[in-house]
Amino acid sequence: MNTARTTAVIVSYRSRDTIADTMIAAREAHESGLLECVVVDNCGSDGTAEYLEKEHAWAELLPSPENLGFGRACNLGFRRVTTEYVLLLNPDAVLPAASLEVMIRFLDEHPRAGIIGPAIREPDEGLQHAGGLPTPLRLILEAAGANESLGRRPIVPGGAAFRTDWLCGAILLFRKRLLDELNGFDPRFFLYFEETDLCLRAQQRDWELWAVGEAVGWHRNAASAGTGDERMLYSCIAEYYFRSRFYYLVKHHGWVLAIATEITEVAVLGMRCAWRRLRGRPQNEFRERLRAPILKLPPEPGR
């Protein structure tokens, strides 16, 4: 009889070289009676599905006929969940069973907590930050050279839990009820900003977001995206990131502010570039931003 109260949803894309550690830790939680698991495979040609079928038949595998993008693939996995809690887990992230227990206990003790995230150690031994939900003002200040961690604070392993307005999507624990309320991720976000949008919508429904430092995970940042050449990396990150960001701004701040933010950002980056060049310290940030989408929305799903 299944007694697990949590189901992990993992979306894989070219993840054969990174998913083993993720699944080994997930299996430990499964064997402890804590976790069920659904893996949505967005790329069926890299051997991930074959590996999972051979080594982790305990997990449910959902092959996707096409690359649905992160948010839509997550929604496909969410629909398979019948447990009280949902663990969103990147295929290059690891959450030990003991940390999952801490997170489950936290949700049990905080009924208005809808989304929580653990402390996450990054590959360079850095720590994942929480907070700093994007706003037009924050984006312009960052373009002007303000501290990129504006409004953010690290989630320190072992540190006290704190409320926040944004959490990284690499490892998150949700109440299934919240996901049902919000209909999961907005499917128009193919990649990037889907968890940012969900964090904001959750707070608009009076759900709380918490960073829980007593739980600790690890994340090999952008491992799946890093499997291609530099041209693929640049086009992928720029194309999806800036289209998703513009859609997020339009959706939550309106067309006028969204357009003004992008135009102002480009102008500020141009002025910074000119100033650096005058001082003999040229940089490519402005040129790279001009190569990225400006004032462009992502296509609607199915188009």
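Read-outs throughout are calculated quantities, based only on the coordinates presented, and are distinct from any laboratory measurement. Just so it is clear, the model here is predicted, and its values are computed rather than measured. Neighbour counts run over all protein chains shown; Cβ positions are idealised from the backbone, glycine included.
For the reader, a short list of remarks on this structure follows.
- Evaluating 6.51 cos²θ - 1.76 cosθ + 1.60 at θ = phi - 60° for every residue in segment 71-83, the Karplus couplings come out as x, 5, 5, 4, 4, 4, x, 4, 5, 8, 8, 10, 7 Hz, glycine and proline recorded as x.
- Working note: Karplus 6.51/-1.76/1.60 with θ = phi - 60° gives segment 170-179 the couplings 5, 9, 9, 10, 10, 7, 4, 4, 5, 4 Hz, where Gly and Pro are set to x.
- Distant-in-sequence amide H partners of residue 44 (H built 1.01 Å from N, under 5 Å): none
- A Förster radius of 45 Å, combined with the Cβ-Cβ distance separating residue 284 from residue 204, puts the computed FRET efficiency at roughly 0.75.
- Spherically averaged projected area of segment 112-204 from its Cα convex hull (nm²): 7.1
- With the helix formula -39500 (n - 2.57) applied to DSSP H stretches of n ≥ 4, the chain reaches a computed 222 nm mean residue ellipticity of -13500 deg cm²/dmol.
- The chain: angle of helix 19-31 to the longest principal axis, Cα-based, in degrees nearest 10: 40
- Seen from residue 215, the other residues with C-beta closer than 15 Å to its C-beta sum to a net charge of -3, counting Lys and Arg as +1 and Asp and Glu as -1.
- Across the chain, the mean sequence separation of Cα contacts (distance under 8 Å, 6 or more residues apart), normalised by length, yields a relative contact order of 20 percent.
- Distance from the Cα centroid of segment 1-60 to that of segment 66-95 is 11 Å (rounded to whole angstrom).
- Here's how it looks for residue 130: its modeled amide H is under 5 Å from those of 153, 155, which are all 5 or more places away or on a different chain.
- Per-residue HN-Hα couplings for segment 37-48 [Karplus 6.51, -1.76, 1.60; θ = phi - 60°; Hz; x = Gly/Pro]: 8, 10, 10, 9, 9, 8, 9, x, 10, 10, x, 4
- Angle between the chain longest axis and helix 230-278 axis [Cα atoms, degrees, rounded to 10]: 50
- For residue 20 and residue 50, a Förster radius of 22 Å and the Cβ-Cβ distance give a FRET efficiency of 0.95, rounded to the nearest 0.05.
- Antiparallel %, DSSP beta bridges [both residues in segment 6-225], to 5: 40
- Long-range HN-HN contacts of residue 11 with modeled amide H, under 5 Å: 40, 89
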